[in-house]
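Attaching a single structure in structure tokens format; questions to follow.
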Amino acid sequence: KPNVISYSAVVEALESASRFEEAAELLMEARGHGFYIKAFTSTSKIDLHDCSEAVARTIMRIVLSEVQSGFRKPGKLTIITGWGKHSEVKPVLPGEVRSFLRDIYDLELTEVPGNRGRFVIPLGSIQKWLEI
């Protein structure tokens, strides 16, 4: 029976092969089975705690696709990555998600003072991205 580890592994393999649509479809299937629920419980807050880098990127692709298609109303998005308290070495997710959103989507991000595990994509940044 699939679990979060097997879903994460397949999403990572699909993403590394640039099969982003299939990765998103699989992730939505996993969500239907109760996995990655925290990431989708709010329209304005995306909680990526406990996600791998590939899963976090795929979730952000889904969220931004929903905004672009009109399924999700454009608004300020708060992204929670955590700050790596449980990382064995150096935290990876906070920097990876920020870089991904800046480099791939050209989004402007706002840091939350005193909380390095959380940042905001302001509405103006999303609106500017939608105009491109």
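The values are calculated or read from the model by the stated rules, or taken from the named source; none is laboratory data. Owing to the predicted nature of the structure, the values given are computational and were not obtained by experimental measurement. Reconstructed Cβ throughout: ideal geometry from the backbone, glycine too, with neighbour counts over all protein chains shown. Side chains are part of the model used for accessible areas, which takes the heavy atoms of the whole protein and leaves out ligands, DNA and RNA. Shrake-Rupley method; radii C 1.70, N 1.55, O 1.52, S 1.80 Å.
Residues checked against (1) of a type outside the set (Lys, Arg); (2) modelled with pLDDT under 90; (3) within 20 Å of Pro2 (Cβ to Cβ):
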site: Lys45; (1), (2), (3): no, no, no
site: Phe71; (1), (2), (3): yes, no, no
site: Trp83; (1), (2), (3): yes, yes, no
site: Glu88; (1), (2), (3): yes, yes, no
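Just for segment 88-123: of the residues that are in contact (Cβ under 8 Å) with a residue 12 or more places away in the chain and exposed (fewer than 12 other Cβ atoms within 10 Å of the Cβ), which one is nearest to Ala39 (Cα to Cα)?
Out of the qualifying residues, it is Asn115.
Mind listing whichever residues of segment 15-60 are open to solvent by less than 30 Å² (accessible area, probe 1.4 Å), among the hydroxyl-bearing types (Ser, Thr, Tyr) and either more than 21 Å from Val92 (Cα to Cα) or touching a Cys at 6+ places or on another chain (Cβ under 8 Å) (or both)?
Tyr36 - this is the single residue of segment 15-60 that is open to solvent by less than 30 Å² (accessible area, probe 1.4 Å), among the hydroxyl-bearing types (Ser, Thr, Tyr) and either more than 21 Å from Val92 (Cα to Cα) or touching a Cys at 6+ places or on another chain (Cβ under 8 Å) (or both).
Return the pair list, or none, for Cβ contacts closer than 9 Å from residues in segment 61-80 that are over 22 Å from Pro94 (Cα atoms) to residues that are part of a helix (DSSP H, G or I) and among the charged types (D, E, K, R), at least 6 apart or on different chains.
Arg72/Glu66
For segment 79-94, state whether one or more residues are in contact with a helix residue (DSSP H, G or I) (Cβ under 6 Å, 6 or more places away or on another chain) and under 26 Å from Glu131 (Cα atoms).
no
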